[in-house]
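Input: a single structure, listed below in structure tokens.
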Amino acid sequence: MPVAHVKAGSAAAKRKATGIGPARRIAEELRAQNERFSAAVENMSHGLCMFDADERMIICNRNYIDLFRLDARVMKPGIRFFDILQHSVDIGIASQSAEELYAVRKPYIDGANPSIYEETLADGRIIVISHRPLASGGWVSIYEDVTVQRRAEKELKEQHRRFDAALANMSQGLLMYDADGKMIVRNQRFLELYNVSEADIPFGTTHRDALERLLELGIYTKLDVASEVAKTEACLQAGKMHSTYRYLSDGRTFLVVRQPMGGGWVVTFDDVTERRRAEERMTHLAHHDTLTNLPNRSMFRERLDQALSEVKIAPLAIFSLDLDRFKAVNDTFGHPAGDWLLKCVAERLRRCLRSDKDVVARFGGDEFAIIQFNIKAGADAEKLAKRIVEVIGKPYRDKGREMHVGVSLGIALYPADGEDADTLLTNADMALYRGKSEGRNIYRFFEPGMDAMVRERLALEADLEAALPRREFELDYQPILDIASGDIVGAEALMRWRSPSRGLVPPQDFIAAAEETGLIVQLGDWALRKACGVAAGWPQDMRMAVNVSAAQIKSGGFARSVIAALAFSGLAAGRLELEITETVMMDESETVLRTLGQLRGLGVRIALDDFGTGYSSLGYLRRFPVDKIKIDRSFIHDLDNRDTAAIVRTVIGLGTELGITVTAEGVETEAQLDMLRKAGCGEAQGFLIGVPAKATEMSRLLRLQEKLRRSG
């Protein structure tokens, strides 16, 4: 029997067995098909509505009813399309009348082609309608709520607009690279900074190509492209930011910062030429003497510590130098001549050194120091000492004047005379003092028996310890001028020691000893109480400045001492100004920072004294804000020097930028004051303003000023 007949017979037998006729089978299949269609329509994510040729609804799904907030009882098959529009108007979902809505849709209904259009509902939602004509007449429409999508698109567009605006208005140049290392973003500022065209650095350029192109254009003179690319790759792998300085052939300096971002990275370019120059000037200032441009004490100590820390160190010699008869030159010819002489001495000392590695520094005044490296024996040091005595002792001629000075030297040898910097410097000083006591133009090597000076120091310390209970100390007060108004705004308290046996001892002769013995804490507390008591009797707008040593602040009880002095005297905290040195700022211990912060919280003003003479004043200003910086008198004394004047203006500008009062110390001439006034300096102090005076004289001066104010 053929297979077809078998199958046909089987199907017929099956129908006969089940008793289902052809008409019923077709009806059931149609019902099943309708159920599947209805299920598909109801489970669509969009709304659907179908109309016949008479514009009557055949079917709609629940999403359509929900989308337009329609009443399901109204939405029955057979309802006219216009009535649906009217229903949407009646429930307030439509933003136009039914006639207006119908007029908009009529062209789509009559059209023979599929179409898509949008409708904005009264509640602000945006519906996309896809219209599809049916072959038998009528149409089917699919409705999709795209409100969230459109808002996201609008926000993205706004973000692009903001991004473009930010790029266009950045002060920095910017490049952005994708994960494939190709440039996808470049702002106009980048092109301006490098003075290149879009064609020079087009989109799609790689990092390597960009660097090589800048080299070709001569913008960079020296650049290891392979190394820079490797650094960038390492930065991306580590997921860390990397910054470097780029030095352009025209002398400018750019700060280039690379930051990983989403597989690629972004690079910013900032022209920091002026900032770097200012930092270099300030760094040089922190390490060098402004008058002679020699290394200062801080840099000298740094080089010595570095040398002594090396594993294999050859013998070296430390020289402590002091000029002979220099005071006579100052007294006879004046300070300008003395400064000129110091510059000449510095240059002669430089020429005496046998190698670039040896260091000569100026410690201040007429004190110098030298490190002589790699000496074979004391004979090498002696040879240099003899040469220095000979060269420095030759006459100095300037403007028809002839000046004569000599030099005394003390020498300590490493390792014979000490294995650490403090011991070597102390022993060199001791040898110097021994030499000066024996004559002029002489050098002496350190010898263990040089202890007379030590005994003298012990005697000084003993007298100091007895001086406070004997009330041998007193305070003088030097006025401080507000340059703009011409008024005295306060004074600085200066300590003096009137010893029965030693006479009037200036601070430079006993403060160091007091600090080393710890007596400075008691002396400082006494000075603070005394100064606050005096200032309490002054006019209410007058401030009192008091010098504070590092030992006082480190003592732990300094804040309580200040509070007690203010409370006992009745002086307002805002009228007290504590002058600290960089020695204090260098100690960033919790005690120091907490004490300074507590005092500023009370309203007490903090001033950084001798600004510019220490190690890194700029760094301290960044780490701990102060209310005032006092430019050291050595800068003011050298204002005629163009470089010094530029530094002073830079410091004044820095103070203005940071909102810090700037006071110039050591003002002695009207010319100096006029220059400071033009530069915008806030305050001045010095012999031109007023010499240190007793409390009664200072009070009389302030009362006179107050009287003149009232009468004016």
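I'd like to compare 455-467, 103-115, 383-395, 533-545: which one has the highest average count of other Cβ atoms within 10 Å, and what's the full order after that? Provide the component values of the computation, followed by the final result.
Details: 455-467: 14.8, 103-115: 12.1, 383-395: 16.5, 533-545: 18.5.
Ranking, from highest mean packing down: 533-545, 383-395, 455-467, 103-115.
Mind grabbing the accessible area of I411 for me, 1.4 Å probe, Å², rounded to tens?
Counting only protein heavy atoms, the figure is 0 Å².
For Cα pairs less than 8 Å apart in space and 6+ apart in sequence, what is the mean separation divided by the residue count of the stretch 235-378, i.e. the relative contact order in percent? The partial results should precede the final answer.
Values: 175 pairs, mean separation 29.1, N = 144.
Computed value for the stretch 235-378: 20 percent relative contact order.
What translational D, rounded to a whole number of µm²/s, comes out for the stretch 303-368 from Stokes-Einstein when the hydrodynamic radius is the Kirkwood one over Cα pairs, at 20 °C and 1.002 mPa s?
155
Once the piece of chain linking E198 and K376 is laid out straight, how much longer is it, given 0.36 nm per residue of separation minus the C-alpha distance between them?
57.7 nm
What translational D, rounded to a whole number of µm²/s, comes out for the chain from Stokes-Einstein when the hydrodynamic radius is the Kirkwood one over Cα pairs, at 37 °C and 0.692 mPa s?
95
Give the distance, in whole Å, between the Cα centre of the stretch 96-112 and the Cα centre of the stretch 215-286.
Here the answer is 64 Å between Cα centres.
For every helix of n ≥ 4 consecutive DSSP H residues, a contribution of -39,500 (n - 2.57) applies; sum these over the chain, divide by its total residues, and give [θ] at 222 nm rounded to the nearest 500 deg cm²/dmol.
-15000 deg cm²/dmol
From the phi angles alone, apply the Karplus equation (6.51, -1.76, 1.60; θ = phi - 60°) to the stretch 131-145 and give each ³J(HN,Hα) in whole Hz, x where the residue is Gly or Pro.
Along the stretch 131-145, the couplings run 9, 10, x, 9, 4, 7, x, x, 6, 10, 10, 10, 10, 10, 7 Hz.
Determine how large the accessible area of E402 is when every protein chain is in place; take a 1.4 Å probe and give Å² rounded to the nearest 10.
80
Tabulate in residue order the Karplus-calculated ³J(HN,Hα) for the stretch 635-644, using 6.51 cos²θ - 1.76 cosθ + 1.60 with θ = phi - 60°, rounded to whole Hz; enter x for Gly and Pro.
With coefficients 6.51, -1.76 and 1.60, one gets 6, 5, 5, 10, 5, 5, 6, 4, 5, 5 Hz.
Where does each of D90, D398 land when they are ordered by accessible area, with a 1.4 Å probe and the largest first?
Heavy-atom accessible area, descending, gives D90, D398.
How would F81, F687 line up by accessible area, probe 1.4 Å, largest first?
F687, F81
So which trypsin sites (Lys or Arg not before Pro) in the stretch 152-248 are both in a DSSP loop and have at most 15 other Cβ atoms within 10 Å of their Cβ?
Values: sites: K154, K157, R161, R162, K182, R186, R189, R208, R213, K222, K231, K240, R246; in loops: K222, K240.
Filter output for the stretch 152-248: K222, K240.
Could you pull out every residue, at least 5 positions away or on a different chain, whose amide H is within less than 5 Å of the one on G686? Hs are placed 1.01 Å off N in the peptide plane, and Pro or chain starts have none.
For G686, the qualifying residues are G666, V667.
Considering only C-alpha atoms, what is the centroid distance from the stretch 129-177 to the stretch 326-383, in Å?
If we compute the Cα centre of each part, the gap is 76 Å.
Which listed residue (H207, I629, G263) has the Cα farthest towards the positive end of the charge dipole for the chain, taking +1 on Lys and Arg C-beta and -1 on Asp and Glu C-beta about the Cα centre?
Going by the Cα projections, it comes out as G263.
Taking K530 as the anchor, which aspartates and glutamates have their alpha carbon closer than 20 Å to its alpha carbon, excluding any fewer than eight residues away along the same chain?
By straight Cα distance, K530 reaches E465, E472, E474, D476, E492, E515, D541, E577, E579, E697.
Mind checking the per residue accessible area of the chain for me, 1.4 Å probe, whole number of Å²?
Counting only protein heavy atoms, the per-residue value for the chain is 52 Å².
Of K630/K678; K678/K707; K383/K436; K399/K436; K386/K436; K394/K436, which pairs sit farther than 22 Å apart, going by alpha carbon to alpha carbon?
K678/K707; K399/K436
Let me see the pair-distance distribution of the stretch 151-236: every alpha carbon pair, 10 Å bin width, integer percents in order.
15, 41, 32, 10, 2, 0
Amide H to amide H, which residues 5 or more places from L134 or on other chains are under 5 Å from it, using H placed in the peptide plane?
Those qualifying (amide H under 5 Å, at least 5 residues apart or on another chain) are W139, V140.
List the residues whose amide H sits under 5 Å from the amide H of T581, counting only those 5 or more places along or on another chain, with H placed 1.01 Å from N in the peptide plane.
D609
Which whole-Hz couplings ³J(HN,Hα) result when phi for each residue of the stretch 268-285 is put into the Karplus expression 6.51 cos²θ - 1.76 cosθ + 1.60, θ = phi - 60°, listed in order with x for Gly and Pro?
10, 10, 10, 6, 10, 4, 5, 4, 5, 5, 5, 5, 5, 5, 5, 5, 4, 4
The values are calculated or read from the model by the stated rules, or taken from the named source; none is laboratory data. Quick caveat, the model's predicted, so the values are computed rather than measured. With ideal geometry, Cβ positions are generated from the backbone for all residues, glycine too; neighbour counts draw on all protein chains shown. The area values use the complete protein model at the heavy-atom level, side chains included, leaving out ligands, DNA and RNA. Shrake-Rupley method; radii C 1.70, N 1.55, O 1.52, S 1.80 Å.
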